[in-house]
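J.: Structure below; questions to follow.
Every number in this text was worked out from the coordinates using simple rules, so none of it is lab data. As the structure is a computational prediction, the values presented were derived from the model and not from experiment. FYI the Cβ positions are ideal-geometry reconstructions off the backbone, even for glycines, and counts take in every protein chain you see.
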Amino acid sequence: MTLTTASIARATAPEALHDHNLAEIVVPGVRYEKRPARTPDGEIVPGLYNAWITLDNPAQYNSYTTEMVKGVILAFRAASNARDVVATVFTGAGDRAFCTGGNTKEYAEYYAGNPQEYRQYMRLFNDMVSAILGCDKPVVCRVNGMRIGGGQEIGMACDFTIAQDLARFGQAGPKHGSAPIGGATDFLPVMVGAEMAMVSGSLCEPWTAHKAYRLGMITDIVPALKVDGRFVANPLVITDRYVDEYGRIVHGEPKTGVELAAGKDVLKKGTVDLSLLDAKIEELCGKILLTFPDCFTKTIEELRKPKINAWNANKENSRAWLALNMMTEARAGFRAFNEGTKDDREIDFIALRQALAAGAPWTPELTEALLPAARGAK
Ligand SMILES: CC(C)(COP(=O)(O)OP(=O)(O)OC[C@H]1O[C@@H](n2cnc3c(N)ncnc32)[C@H](O)[C@@H]1OP(=O)(O)O)[C@@H](O)C(=O)NCCC(=O)NCCSC(=O)C1=CCCCC1=O
């Protein structure tokens, strides 16, 4: 009889395999599916898969609710344990957002003013980030749209990121009442250097996909806008020149003025098509397939260490600080976003700074006075 790897496996593998998962993943808002693995030539590989984990809350830009955080943890454990899974793809539903972080409605209506509840939530959030960083399979973030706030944090916890080029990347916390200490302050300096980490982490001005790519935050980008049947680069972003007349880098910066207006016209004419994104994801997973599994895993475990070490050093303190912050700035900021209108959903930062400069404590009245509803009543 000819010995093949398949016949050897049949003869030597245990008759029944143990299930190492903690629980079934039955959580609305999180999809877990195994899709056939493919070779770099696109051939389906029998018996091998990539695990796709999809945040499925597009009406709220795939922000994660408490229940969804639990689902993501279980999904990463499932992908990690699945013997037949080569790589994990982490993505969001639709083409608008990968994820815009914690669910601001839940933050404003449940957690605001309730630090002990938020502390429990943050245990789950921390476990979600750790589950990504500890996944036994390489994790590829498929950025189908904007990656903001905690969405950017769980995205940066992944090993690779491929983005469609209409996506934007950045933090929201310092504008909405939080600090990006759910991973961003740990990962950003490692990924883009201290100076650019400072800019991205603190100012809440999202970077374009081209800029994130240029600065080494993400692995690759693909065009997603199709105009008259042809893919074009994000028309809102400068991609046709590298420097301005003074030698400053402008590639990847948002267009302004007349150029921006023209870009918006192109955007309106086009449709979003994520087929190139999917092809790139399959290409990367195909490259991973053609490696030794244990050597690959050991390599990524070592390369994750700068991120993991920073994360582990800070995550418990961050959790405690964020819980207490739900009594003060988060309480005001997330309520302002939740209760305000699209044009007016931030607190009055100057009034807050002035009140604090005068020594005012954080009373419930101060919170109310900072909210959009109080405008005009000052
Ligand atoms: C800048 C935005 C991401 C996008 O703005 P814009 O393009 O103008 O779209 P919107 O009209 O605002 O959004 C479309 C609808 O989605 C809803 N939405 C968006 N994000 C969230 C969210 N995070 N939670 C709930 N709902 C969301 C939005 O309300 C719209 O709904 P509607 O019914 O009006 O159509 C902008 O949306 C934005 O800034 N979003 C909030 C970003 C944010 O603050 N995220 C939380 C950051 S903090 C965080 O994530 C943390 C993680 C763990 C550690 C601690 C922590 O703080």
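J.: If I fit a long axis through the Cα atoms of helix 66-81 and take the longest principal axis of the Cα atoms of the chain, what angle between them do I get, 0 to 90°, rounded to 10?
T.: 20
J.: Between Arg31 and Leu290, what length in nm is gained on full extension when 0.36 nm per residue of separation is reduced by their alpha carbon distance? List each step's numbers first, then the result.
T.: Values: separation 259, 0.36 × 259 = 93.24 nm, distance 2.67 nm.
Here the segment from Arg31 to Leu290 would lengthen by 90.6 nm.
J.: With the cut-off at 1.5 for a/c, could you classify the chain from its C-alpha gyration tensor as rounded, prolate or oblate? Can you show the working numbers first?
T.: Values: a/c = 2.12, a/b = 1.38, b/c = 1.54.
Since a/c reaches 1.5 but b/c is at least a/b, the shape of the chain is classed as oblate.
J.: So which of Lys70/Lys342; Lys280/Lys305; Lys226/Lys268; Lys226/Lys269; Lys175/Lys268 end up more than 18 Å apart, counting from Cα to Cα? Please list the in-between numbers first.
T.: On the way: Lys70/Lys342 30 Å; Lys280/Lys305 26 Å; Lys226/Lys268 11 Å; Lys226/Lys269 9 Å; Lys175/Lys268 29 Å.
Among Lys70/Lys342; Lys280/Lys305; Lys226/Lys268; Lys226/Lys269; Lys175/Lys268, the Cα-Cα distance tops 18 Å for Lys70/Lys342; Lys280/Lys305; Lys175/Lys268.
J.: I would also like to ask the following. Using Cα centres only, tell me the gap between the range 296-361 and the range 116-163 in whole Å.
T.: 16
J.: Nearest 5 is fine: what % of DSSP beta bridges in the chain come out antiparallel, could you say?
T.: Numbers: 18 of 40 bridges.
Antiparallel: roughly 45 percent of the beta bridges in the chain.
J.: Separate question: Can you check what the net charge comes to around Val272, using other residues whose Cβ is under 13 Å from the Cβ of Val272 (Lys, Arg +1; Asp, Glu -1)?
T.: Numbers: positive: Arg96, Lys226, Lys268, Lys269; negative: Asp95, Asp165, Asp273, Asp278.
Counting the neighbours of Val272, the net charge comes to 0.
J.: In the neighborhood of Arg142, defined by Cβ-to-Cβ distances under 10 Å, what is the net charge if each Lys or Arg adds +1 and each Asp or Glu adds -1?
T.: Taking every other residue near Arg142 into account, the sum is 0.
J.: Right, next: I need His251, His18, His210 ordered by Cβ neighbour count within 10 Å, fewest first.
T.: Values: His251 17, His18 7, His210 21.
The fewest-first ordering by Cβ neighbours comes to His18, His251, His210.
J.: Now for a different question. Please give the length that would be gained between Ala6 and Val258 if that part of the chain were fully extended, namely 0.36 nm times their separation in residues minus their C-alpha to C-alpha distance (nm, one decimal). List each step's numbers first, then the result.
T.: Details: separation 252, 0.36 × 252 = 90.72 nm, distance 6.30 nm.
Full extension from Ala6 to Val258 adds 84.4 nm.
J.: Also: Report, in deg cm²/dmol and to the nearest 500, the calculated mean residue ellipticity at 222 nm for the chain, where each DSSP H run with n ≥ 4 adds -39500 (n - 2.57) and the sum is divided by the residue count. Numbers along the way, then the final one.
T.: Numbers: 15 runs with 166 residues, N = 378.
The per-residue figure over the chain is -13500 deg cm²/dmol.
J.: A further question follows. Taking the Cβ of Ala224 as the centre, find all other residues whose Cβ is under 9 Å away and add up their charges (Lys, Arg: +1; Asp, Glu: -1). Numbers along the way, then the final one.
T.: Details: positive: Lys226; negative: Asp95, Asp165, Asp273.
Within the 9 Å Cβ shell, the charges total -2.
J.: Using the 10 angstrom Cβ neighbour count as an exposure proxy, how do Asp344, Asp41 rank, fewest first?
T.: On the way: Asp344 11, Asp41 6.
If I rank by nearby Cβ atoms, fewest first, I get Asp41, Asp344.
J.: For Lys105 and Ala360, compute 0.36 nm times the residue count separating them, minus their Cα-Cα distance, and round to one decimal in nm. Write down the numbers at each step before the final one.
T.: Values: separation 255, 0.36 × 255 = 91.80 nm, distance 2.76 nm.
Full extension of this stretch gives 89.0 nm more.
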